[in-house]
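A quick write-up on the structure given underneath.
The values are calculated or read from the model by the stated rules, or taken from the named source; none is laboratory data. Here the structure is a predicted model, which means the values were calculated and not measured. When we count neighbours, we look across all protein chains shown, and the Cβ atoms used for this are built from the backbone with ideal geometry, even at glycine. Please note that ligands, DNA and RNA were not included when accessible areas were found on the heavy atoms of the full protein model with its side chains. Shrake-Rupley method; radii C 1.70, N 1.55, O 1.52, S 1.80 Å.
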Amino acid sequence: MVRVIMHGCNGKMGQVISGLIAADSEVELVAGIDARDDGHNSYPVFTDIEKCDVAADCVIDFSAAVAVDKLLDYCVARKLPCVLCTTGLSEAQLKKVEEASKSTAILKSANMSLGINLLLKMLKEAAGVLAPAGFDMEIVEKHHNLKVDAPSGTALALADSINEEFDNEYEYIYDRSSKREKRSQKEIGISAVRGGTIVGDHDVIFAGADEVITFSHTAYSKAVFGKGAVQAAKFLAGKDAGMYNMADVIEASR
């Protein structure tokens with residue numbers, strides 16, 4: 001049984017994960033941490049992370065960047081593995097994450113969906129075959145109208161996965177309206193759509209002469225991210241200090 005502390009337990013993802021863990025016989029949610037607590041959870045909730053003295057095997061974090069520094073200090077002090085899902089971290093915080101991984105196991109991913117992380121691996125192989133054959137590469141991502149950042153972190157992760165195959169020689173183009181010129185072969189176009197309640201939709205398009213190959217991933221609910229986080233917690237519990245990612249989780253499950 002993996003004992004989990006949910007950091008950001010009263011947020012949308014925190015509540016999704018709480019429900020998933022309640023239905024999973026291999027995991028137990030032993031405590032939550034959140035800035036507010038109205039007493040509706042079935043587990044104890046601490047509004048100050050330093051006051052959380054519950055024994056656990058792993059922390060799952062879906063909170064806000066402002067709360068990550070104290071979380072990392074907490075995990076380092078207790079040698080407690082952490083699945084870090086909060087995005088929008090500053091450069092200083094990213095360095096702190098790297099430093100923390102020297103003392104405890106940290107798993108960080110731009111997207112917790114198992115499907116997206118499998119797609120990351122598939123794109124490397126596809127790009128290695130198709131790009132040298134003259135295929136242009138474009139990414140279109142769609143999200144709900146409340147998402148403030150564009151392009152999405154997942155779209156950038158998809159582009160990075162492709163670019164790593166070519167030693168990062170491709171340029172990312174976000175807005176073609178400012179470029180009145182022929183498309184370069186050494187670019188990856190990334191387009192963002194915002195509207196309605198779209199949870200997350202990513203298309204990676206390889207457009208060649210007379211044929212188009214499209215890799216698509218659609219998230220219909222936030223549960224797909226929660227399921228990935230729970231799988232990551234099961235994987236990370238008991239691991240040695242170091243940096244891990246969802247590719248490690250996928251590899252371990254094969």
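State the antiparallel share, in %, of DSSP beta bridges confined to the chain, rounding to the nearest 5.
Looking only at bridges with both residues in the chain, the antiparallel portion is about 35 percent.
Ordered by packing density, taken as the mean number of other Cβ atoms within 10 Å over each peptide's residues, highest first, how do 128-138, 230-240 rank? Don't skip to the end; give the middle numbers.
Working: 128-138: 15.4, 230-240: 19.9.
Order by mean packing, descending: 230-240, 128-138.
In the chain, what percent of the accessible surface is made up of carbon and sulfur (1.4 Å probe, ligands and nucleic acids excluded)?
On the way: 6500 of 12720 Å².
Taking all protein chains in place, the chain shows 51 percent carbon and sulfur surface.
Once the other residues with Cβ under 9 Å from the Cβ of ILE205 are scored (Lys, Arg +1; Asp, Glu -1), what is the net sum?
Numbers: positive: none; negative: ASP136, GLU138, ASP203.
That sum, taken over residues with Cβ under 9 Å, equals -3.
Counting only residues 5 or more places away or on other chains, whose amide H sits under 5 Å from the amide H of THR86 once H atoms are built in the peptide plane?
Here the answer is SER63, since their amide H atoms fall under 5 Å of that of THR86.
How big is the gap, in Å, between the Cα center of the range 42-74 and the Cα center of the range 94-119?
Using only Cα atoms, the two centres lie 17 Å from each other.
What aspartates and glutamates sit close enough to LYS51 to cross-link, taking a C-alpha to C-alpha distance under 15 Å and skipping anything fewer than 8 places away on the same chain?
Within the straight-line limit of under 15 Å, LYS51 reaches these aspartates and glutamates: ASP34, ASP37, ASP73.
So with the 1.4 Å probe, I'd like the accessible area per residue for the range 1-117, rounded to whole Å². Could you put the intermediate results ahead of the total?
Values: 5280 Å² over 117 residues.
Each residue of the range 1-117 exposes 45 Å² on average to a 1.4 Å probe.
Within straight cross-link reach of LYS179, meaning Cα distance under 18 Å, which aspartates and glutamates are found once same-chain residues fewer than 8 apart are removed?
Cα-Cα hits under 18 Å: ASP136, GLU138, GLU171, GLU187.
Need one number for the range 1-147: average projected area of the convex hull over its C-alpha atoms, nm². It would help to have the intermediate numbers written out before the result.
Working: hull surface 45.3 nm².
For the range 1-147, the mean projected area of the Cα convex hull comes to 11.3 nm².
Could you give me the ³J(HN,Hα) list for the range 145-161, computed from phi with Karplus coefficients 6.51, -1.76, 1.60 and θ = phi - 60°, whole Hz, x at Gly and Pro?
Coupling constants for the range 145-161: 6, 9, 6, 9, 9, 8, x, 5, x, 5, 4, 5, 5, 5, 5, 4, 4 Hz.
Would you kindly find the accessible area of SER18, with a 1.4 Å probe and non-protein molecules such as ligands, DNA and RNA excluded, rounding to the nearest 10 Å²?
Estimated to the nearest 10 Å², SER18 gives 20 Å².
Compute the Cα gyration tensor for the range 69-224, then decide on rounded, prolate or oblate, letting a ≥ b ≥ c be the square roots of its eigenvalues: rounded whenever a/c is under 1.5, prolate when a/b is larger than b/c in the other cases, and oblate in all that remain.
On the way: a/c = 2.04, a/b = 1.73, b/c = 1.18.
Prolate shape, in that a/c is at least 1.5 and a/b is the bigger ratio.
Note down the nm distance, to one decimal, between modelled labels 7 Å out along Cα→Cβ at VAL129 and at GLU211.
0.9 nm
Would you mind checking LYS147/LYS222; LYS102/LYS234; LYS108/LYS186 for any pair whose Cα atoms are more than 22 angstrom apart?
Numbers: LYS147/LYS222 14 Å; LYS102/LYS234 20 Å; LYS108/LYS186 29 Å.
Over 22 Å Cα-Cα: LYS108/LYS186.
Can you give the accessible area per residue of the range 137-180, in Å², using a 1.4 Å probe?
On the way: 2500 Å² over 44 residues.
With all protein chains present, the range 137-180 gives 57 Å² per residue.
From the phi angles alone, apply the Karplus equation (6.51, -1.76, 1.60; θ = phi - 60°) to the range 14-26 and give each ³J(HN,Hα) in whole Hz, x where the residue is Gly or Pro.
With the stated coefficients, the range 14-26 comes to x, 6, 4, 5, 4, x, 5, 5, 4, 9, 10, 6, 9 Hz.
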